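Asker: Dumping the structure here so I can ask a few things about it.
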Amino acid sequence: MFLHTKIITILAEQPDSALLAPAAELLKAGELVAFPTETVYGLGANALSAEAVKKIFVAKGRPTDNPLIVHIAKLEQLTELVTKVPVAAKMAMEAFWPGPLTLIMPKSSKVPEVVTAGLATVAIRMPDHPVALALLALTNIPIAAPSANLSGKPSPTKAEHVIKDLSGRVAAIIAGGDATVGVESTVLDCTVTPPMILRPGAITYEELVSVLGEVAIDKSLLDKSGLDVLYPRSPGMKYTHYAPLAKIYLLNSSDEEILAHLKVRVQEARAEGLRVGLLASDELAFQLERRGVEFQHIERLGSRTELTKIAGHLFHGLRQCDRFQIDLAYAECFPEDGLGFAIMNRLSRAAGKKKLFTAEELTLA
């Protein structure tokens, strides 16, 4: 499969409708268009056309049992997508839409089964990005859009990421600058009581509780065994995600324990001819450099005090591992409250079932 991919460069702050019009026409004609959102770049198709949506799975190499998120620009579009808007969903919309929150509701018969992986529910969000909203308004149709990357690879936060993965596979790519949030939307199942987080994201558990009261967390998110969910109700619940070619190992210990043991580990790996990388906060990277731990590449994600910056840089950092041909990368862990919950979810998915180095394991190493 090879298509001529049209690259449309546009100012994110003031999207020109004339520039977006060709992309809107392609979507209405059943073609695929990648576009920026505030979370990551999405790969869009007409959500009401099964044939158009099937092209997403082919272009990405995405398993068909992984449901998609439908994007809308106005609340009126809900009437053709769902049979009921639960009270919790209404409250969440008022507080967080447009924004990085996906709500799961009972689907209508107009939504093709390929969108929902055969589920009786559909995931919907209203993005908070000028280009995405302008494109959705021009098409005047709901757009199904997973992240615009090859399946399993780190999600794209820059147009260059999308071009690298999908050029020749899609009709058009709208280059509209960097995504500002950097991790995908929170997914909240509003068909259950209390509403349940199926995927953590930019809207935190704490923020949801402040609006909705009681909020549950799917037990798979709390399971540290690395096991996949057999029947995912949301994107991001099954398969290893966000992974570069390098093996990713997570560091979950104090700085002193990491510093004492990582120098030996890195020296051993390099002696075996491996290229070793590090994804870490500015603070840990600085300490490792002072101790003389020599990596082939260090990706500084930002200060520990600014998790929004770490989230915004995370996927680019994972992609940099491939750029620098890293074989083995160590990634720092962060506290799993607030935005840290989403950051650690993505890092854990990138590492898959690989070892989580705790203080005890470092001591025994």
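Nothing in this text is a laboratory measurement; each read-out follows from the coordinates by a stated rule. What you see is a predicted model; the values in this text were computed from it and never measured. A quick note on method: Cβ atoms are made from the backbone with ideal geometry, for glycine too, and the neighbour counts reach across all protein chains shown.
Asker: Expressed as a rounded percentage, what relative contact order does segment 95-180 have, with Cα pairs under 8 Å and six or more residues apart?
Answerer: Details: 78 pairs, mean separation 18.2, N = 86.
Reported as a whole number, the value is 21 percent.
Asker: Below 8 Å between Cα atoms, with a sequence gap of 6+, how large is the relative contact order for segment 4-101 in percent?
Answerer: On the way: 53 pairs, mean separation 15.0, N = 98.
Relative contact order of segment 4-101: 15 percent.
Asker: What is the calculated FRET efficiency for Ser303 to Glu113, with r their C-beta to C-beta distance and R₀ = 41 Å, to the nearest 0.05? Don't jump to the answer; show the numbers that get you there.
Answerer: Values: r = 45 Å, r/R0 = 1.10.
It comes out at approximately 0.35.
Asker: At 7 Å along the Cα-to-beta-carbon direction for both Asp337 and Thr79, put a label point, then send me their distance in nm to one decimal.
Answerer: Modelled inter-label distance: 4.5 nm.
Asker: Could you give the size of the charge dipole of the chain about its Cα centre, using +1 on the Cβ of each K and R and -1 on the Cβ of each D and E, expressed in debye and rounded to the nearest 20?
Answerer: The calculation lands at about 1040 debye.
Asker: To check you understand DSSP bridge types, tell me what percent of the beta bridges within the chain (both residues inside) are antiparallel, rounded to 5. Write out the running numbers ahead of the final one.
Answerer: Values: 16 of 47 bridges.
Antiparallel bridges make up about 35 percent of those DSSP assigns within the chain.
Asker: Let me check against my output: what whole-number percent is the relative contact order of the chain, with C-alpha pairs under 8 Å and at least 6 apart? Present the calculation step by step, with values, prior to reporting the outcome.
Answerer: Details: 821 pairs, mean separation 71.3, N = 365.
Computed value for the chain: 20 percent relative contact order.
Asker: A further question follows. Taking the simple approach of a point 7 Å from Cα along Cα-to-Cβ for both Glu13 and Asp322, what is their distance in nm?
Answerer: With each label point 7 Å from Cα toward Cβ, the separation is 3.2 nm.
Asker: In nm, what is the difference between 0.36 nm times the number of residues separating Glu289 and Lys90 and their Cα-Cα distance?
Answerer: On the way: separation 199, 0.36 × 199 = 71.64 nm, distance 4.98 nm.
That pair, Glu289 and Lys90, stretches by 66.7 nm at full extension.
Asker: From the Cα gyration tensor of segment 74-118, with a ≥ b ≥ c the square roots of its eigenvalues, which class applies: rounded if a/c is under 1.5, or else prolate if a/b is larger than b/c, or else oblate? Don't jump to the answer; show the numbers that get you there.
Answerer: Values: a/c = 2.01, a/b = 1.75, b/c = 1.15.
Note, shape of segment 74-118 comes out prolate.
Asker: Taking 0.36 nm per residue of sequence separation and subtracting the Cα-Cα distance, how much length would be gained by fully extending the chain between Ala120 and Leu150, in nm to one decimal?
Answerer: Numbers: separation 30, 0.36 × 30 = 10.80 nm, distance 2.66 nm.
The Ala120-Leu150 span can extend by a further 8.1 nm.
Asker: Next question, about the same structure. What order, most packed first, do the peptides 255-262, 312-319, 143-150, 3-10 have when packing is the mean number of other Cβ atoms within 10 Å of each residue?
Answerer: Details: 255-262: 17.6, 312-319: 23.0, 143-150: 26.1, 3-10: 15.4.
Descending packing order for the listed peptides: 143-150, 312-319, 255-262, 3-10.
Asker: Kindly provide the pair-distance distribution of segment 141-211 built from C-alpha pairs, with 5 Å bins from 0 and whole-percent values in order of increasing distance.
Answerer: 3, 13, 19, 20, 15, 13, 9, 6, 1
Asker: Also, I was wondering about something else. Find the centroid of the Cα atoms in segment 263-293 and in segment 68-132, then give the distance between the two in whole Å.
Answerer: Going from one Cα centre to the other spans 44 Å.
Asker: In the chain, with Lys and Arg counted as +1 and Asp and Glu as -1 at Cβ, which of these residues, Met126, Val276, Leu27, has the Cα nearest the positive end of the dipole, that is, farthest along it?
Answerer: Leu27
Asker: May I pose another question? Report, to two decimal places, the Cα Rg of the chain normalised by 2.2 N^0.38 Å (N = number of residues). Before the final figure, lay out the partial values.
Answerer: Details: Rg = 20.5 Å, N = 365, 2.2 N^0.38 = 20.7 Å.
Ratio of Rg to 2.2 N^0.38 Å for the chain: 0.99.
Asker: Please compute the length gained on full extension between His4 and Lys164, using 0.36 nm multiplied by the number of residues separating them and subtracting their Cα-Cα distance. Walk me through the intermediate numbers first.
Answerer: Working: separation 160, 0.36 × 160 = 57.60 nm, distance 1.39 nm.
Once the chain is fully extended between His4 and Lys164, it gains 56.2 nm.
Asker: Given N residues in segment 63-180, what is Rg(Cα) / (2.2 N^0.38 Å)?
Answerer: Working: Rg = 14.7 Å, N = 118, 2.2 N^0.38 = 13.5 Å.
That works out to 1.09 for segment 63-180.
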